[in-house]
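The next block holds one structure in the form of structure tokens; read it before the comments.
The values are calculated or read from the model by the stated rules, or taken from the named source; none is laboratory data. Only a predicted model underlies this, so the values are computations on that prediction, with no experimental measurement involved. For the accessible areas, the whole protein counts, side chains as well, though only heavy atoms, and no ligand, DNA or RNA atoms are used. Shrake-Rupley method; radii C 1.70, N 1.55, O 1.52, S 1.80 Å.
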Amino acid sequence: MLSIRNLQASVGDKPILKGINLDVKAGEVHAIMGPNGSGKSTLSNVLAGRENATVTGGSVTYQGKDLLALAVEERAREGIFLAFQYPVEIPGVGNVYLLKAALNAQRKHRGLPELDAMDFLALVKDKMKLMEMNESMLYRAVNEGFSGGEKKRNEILQMVVLEPSLAILDETDSGLDIDALKVVSHGVNSLRSPDRAMILVTHYQRLLDYIKPDFVHVLSDGRIQRSGGPELALELEREGYAWVGDATNEGVVAP
Amino acid sequence: MNSVPDTLEGLISLEYRHGFETSIESDEIPKGLSEDTVRLISARKNEPEFLLEWRLEAYRRWLKMTPPTWASVHYPPIDYQDIIYYSAPKSQKDGPKSLDEVDPELLKTYEKLGIPLHERAILAGVAVDAVFDSVSVATTFKDKLAEVGIIFCSFSEAVQHHPDLIKQYLGTVVPVQDNFYAALNSAVFSDGSFVYIPPGVRCPMELSTYFRINAKNTGQFERTLIIADQGASVSYLEGCTAPMRDENQLHAAVVELVALEDAKIKYSTVQNWYPGDKEGRGGIYNFVTKRGDCRGTRSHISWTQVETGSAITWKYPSVILRGEDSVGEFYSVALTNHRQQADTGTKMIHIGRNTRSTIVSKGISAGFGQQAYRGLVRMARSATGARNHTQCDSLLLGDRCQAHTFPYIEVKNNTATVEHEASTSRIGEDQLFFCRQRGLSAEDAVSMIVNGFCKEVFKELPMEFAVEAQKLLGVSLEGSVG
Ligand SMILES: Nc1ncnc2c1ncn2[C@@H]1O[C@H](COP(=O)(O)OP(=O)(O)OP(=O)(O)O)[C@@H](O)[C@H]1O
Ligand SMILES: [Mg+2]
């Protein structure tokens, strides 16, 4: 589904991603861990097409297409979803309005008929139940005045409504209380299927207790320093990142 | 004035003549302004003596006045002798016969707006008083309105048929010497709309006028007077579009509203005049005086405006809160793109006890747009217990546009309260990215964010106007975000 080859990207003059290699197949869940500032959000953003980081080398193929050549909204319509580490507020724009506009833009792209208000409401109310969210949230402005945890839950609501092929979750677990974490994980798990893939960026094993990854990667200093199965996350939890290598420790090479 | 279309369809299709200027033979008087011009206009319109005297008084006062310079707008001096002050269409037979004859650029804009003009008015049975150049060519639904005693006609007709009402109310809200442009308008005004709602009557439909500017070098001096008698209420919509122009055109209208005891007037405007091209060539100069007088106890006047057009906008719809417990409101969205300049705001003059006013101003600047909000809240010594709340927000797109806020607050009664909130924000790259990541195009995303910003104002607009206003913002912002 996704194939990243020697991807390099800079913010300003500063190289952040220094040659990422990663293959994600349909049906797989990959966890990416790594110290603060190592480039996890930058990688997520580059995949989604945000322009604040400039790609300086490498290639990304997604479902056979050159991903880097697509505009942000084209990537979204092709099924890439990014749950933001820091969701933005959009004053005055109703949550329900944004969701409906987004879903219909994507449906149109896929040659499906647009949903009318009734059908859409039925769908979204169903998904709200799954996310254990109060319906009143639908009519509030996007993320405005939402608590940190509510914003994260709202991101996952968008994901379950849009049903992406490749979901990238950037620290969706941060800021969630333990009950919310269960609900969010339940939402994410409901989307797991043989034709979808997920990339979970996280700092904590806790999330991986609920969403079992197939692979765990450690990103440090702009490179994937180590990859392994779920046991790697446990190892990191015990040992920290010091031993995988970071900006001050270039010596460790990924297996 | 001889071929008044007899069907609504026919009447409204006049709107498709936007963009046409040469095909209509105009009954014009020579360029320039003098006492003779004023007399000639008055004579052409067969006006009673009192009105001629009133015009002449205004003209004499105007001669001694100078254009205001305090506004944050810049334009070359206007040669008032180079303007034709009166032009009436002789016939409408020469207008475009089909859509093929209409300026395609204009049609494209209508298409983007998604609302064919003829539908816009048919929606909800809007009554249209189409102002064609300077003379109203037709008025509809008159009979239906007349049944309940409502007078809705062109100003000229009102002068002929209801001179007493004109004499009683004209110039009582905006006196002839009020300001340079108001004095000019008073001297040479051509036509406009007149509305009188008798005591206790709620107007059964939205009243509407579409203004256009057509003949070359024809200054537009519209005069509108709306009176809501005791316990009456009315909602009035003013919509404007204008064809492409190379020369700047002056538009100096005056609108007067009078609300007596327990009366309510809601006046909504969507202004979409030609703003000039990207380099700032052409476009309308819109210098308007709009004022409402809450004369009676518990009277209520509400202004809602969406201003996206004109090269220069100079406009401060105001309310004088004279009656006890009267209420004044001002809801405004103003958008400046490219080289547009707008200096707009309101004045709330609290005189009566327990008067209340609300001001919500949303300014959006893109391109090199320049925008100033200028608002005066005055609490007179007599305004015991009066309250004002002002909220004034600016949204910037890009880094070459500017927004300024000039609140003037004068409080002479210490029981009065005035609250002012202001904010300036920029459409965030992160908001745009978020919307696009969910699948929206950049243009739809901007339009959605801007519409969200304007929501408090749009919800004050009548339904079909609100839809149009949203689309208008989208069209006006096209190309402002890369
Ligand atoms: N606009 C910017 N200007 C300068 N440096 C930037 C900018 N944006 C990101 N960076 C830098 O890029 C590096 C990678 O940031 P990134 O957000 O990808 O890290 P992260 O791995 O997601 O960290 P965290 O775990 O804290 O979320 C950081 O050192 C950060 O300071
Ligand atoms: Mg991060």
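Taking the DSSP bridge list for chain A and keeping only pairs wholly inside it, about 60 percent are antiparallel. With every protein chain in place and a 1.4 angstrom probe, the accessible-area ranking of B:T304, A:T42, largest first, reads A:T42, B:T304.
Taking B:R353, A:R226 and ordering them by how much accessible surface each has at a 1.4 Å probe, largest first, produces B:R353, A:R226. Could you state, as a whole-number percent, how many of the C-alpha pairs of chain A are farther apart than 30 Å? For chain A, the fraction of Cα-Cα distances above 30 Å is 26 percent. The accessible surface of chain A, taken with every protein chain in place and a 1.4 Å probe, is 51 percent carbon and sulfur.
Sort A:H203, B:H74, B:H404, B:H350 from largest to smallest accessible area, using a 1.4 Å probe on the heavy atoms of the protein chains.
Ranking A:H203, B:H74, B:H404, B:H350 by accessible area, largest first, yields B:H74, B:H404, A:H203, B:H350.
Using just the helices of chain A, give the 222 nm mean residue ellipticity in deg cm²/dmol: DSSP H runs with n ≥ 4 each add -39,500 (n - 2.57), and the total is spread over all residues, rounded to 500.
On the way: 8 runs with 88 residues, N = 255.
About -10500 deg cm²/dmol.
Close lysine pairs were tallied over the stretch A:63-186: pairs 8 or more places apart or on different chains with Cα atoms under 24 Å apart number 20. Exposure check, 1.4 Å probe, all protein chains in place: B:I197 carries approximately 0 Å² of accessible surface. Annotation: B:W70 carries an accessible surface of approximately 130 Å², with a 1.4 Å probe and no ligand, DNA or RNA atoms counted. Under 28 Å of direct C-alpha separation, and excluding same-chain neighbours fewer than eight residues apart, B:K31 reaches these lysines: B:K45, B:K64, B:K90, B:K93, B:K216, B:K290, B:K315. B:H389 exposes around 50 Å² of accessible area when a 1.4 Å probe is run over every protein chain in place.
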